Amino acid sequence: MSPRRRRHALPLAQLVEQATCVAEQVRAELHSVHADPDERWHVRLHHDADVDVWLISWTEEQGTQLHGHGGSSGAFTVVAGELDELVWDPAARELEESTRTRGDVVAFGPGYVHDVRNTREATAVSVHVYSPPLERMDFFDVERGSDGADQLVRLAHVWSDDPEIAAPESVRGPAAGRVAS
Ligand SMILES: [Fe+2]
């Protein structure tokens, strides 16, 4: 039996380049994009031993809940529309909100915890790259610690290669003050 291949992340610069390149392909209409107001639409465009590439559309008020990506690093970029992103800052122990607009690229390591949502009427489209390919999704909430400061609490994890997998029903719902779809 051959030893299991060691999983490692490609350099973040390479993930950014790949996300940007695929976003250009989407803008050139080389990939079809759908929008489904009932369930966030997503499709995997590429998979190999090192990387997964997903194309996702977000209709108004579609979003995730606070989550991490297991041991994977990644990058995402906005192809069209705008997305609001909450990111857990472990040093400040708070969530920081940013608006990601067309062409913005965010790269992150394996400890990254965020929540992404489209709050606008126009459908948003984004490309997401994960390396090594996703194996697990972690779901979090922010709670006030005994020292009075906020802390990140892991609610659940799901073994999955799907970045859009829902959290277990028992922990689904309001997260970080926002209602998950
Ligand atoms: Fe994510």
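The values are calculated or read from the model by the stated rules, or taken from the named source; none is laboratory data. Just so you know, these numbers come straight off a predicted model, no measurement behind them. Don't worry about glycine lacking a Cβ; one is built from the backbone with ideal geometry, like all the others, and counts go over all protein chains shown.
The table below lists the values:
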{"read-out": "Residue match in segment 2-11 (condition: at negative phi, touching a residue at least 24 places away in the same chain (Cβ under 8 Å), away from the ligand (no atom under 16 Å from the Cβ) and among the hydrophobic types (A, V, I, L, M, F, W, C))", "value": "yes"}
{"read-out": "Any hit, segment 36-47, residues being assigned to a loop (DSSP other than H, G, I, E, B), closer than 23 Å to R136 by Cβ and modelled with pLDDT of 95 or more", "value": "yes"}
{"read-out": "Top-ranked residue of segment 57-68 - restricted to ones that are out of contact with any strand residue (DSSP E or B) (no Cβ under 6 Å at 6 or more places or on another chain) and crowded, with 20+ Cβ neighbours inside 10 Å, ranked as nearest to H31 (Cα to Cα)", "value": "T59"}
{"read-out": "Members of segment 52-68 found to be among the acidic types (D, E) and either out of contact with any Phe, Trp or Tyr (no Cβ under 6 Å at 6 or more places or on another chain) or within 10 Å of the ligand (Cβ to nearest atom) (or both), listed by number", "value": "E60, E61"}
{"read-out": "Count - residues of segment 103-118 that are within 13 Å of the ligand (Cβ to nearest atom) and surrounded by fewer than 16 Cβ atoms within 10 Å (Cβ to Cβ)", "value": "3"}
{"read-out": "Criterion violated by E97 - all others in (1) touching a residue at least 24 places away in the same chain (Cβ under 8 Å); (2) more than 16 Å from T20 (Cα to Cα); (3) within 16 Å of the ligand (Cβ to nearest atom); (4) of a type in the set (D, E, K, R) satisfied", "value": "(1)"}
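Here is a yes/no grid of residues against (1) over 16 Å from V129 (Cα atoms); (2) among the acidic types (D, E):
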{"residue": "H8", "(1), (2)": "no, no"}
{"residue": "H34", "(1), (2)": "yes, no"}
{"residue": "I56", "(1), (2)": "no, no"}
{"residue": "L66", "(1), (2)": "yes, no"}
{"residue": "E82", "(1), (2)": "yes, yes"}
{"residue": "V106", "(1), (2)": "no, no"}
{"residue": "G109", "(1), (2)": "no, no"}
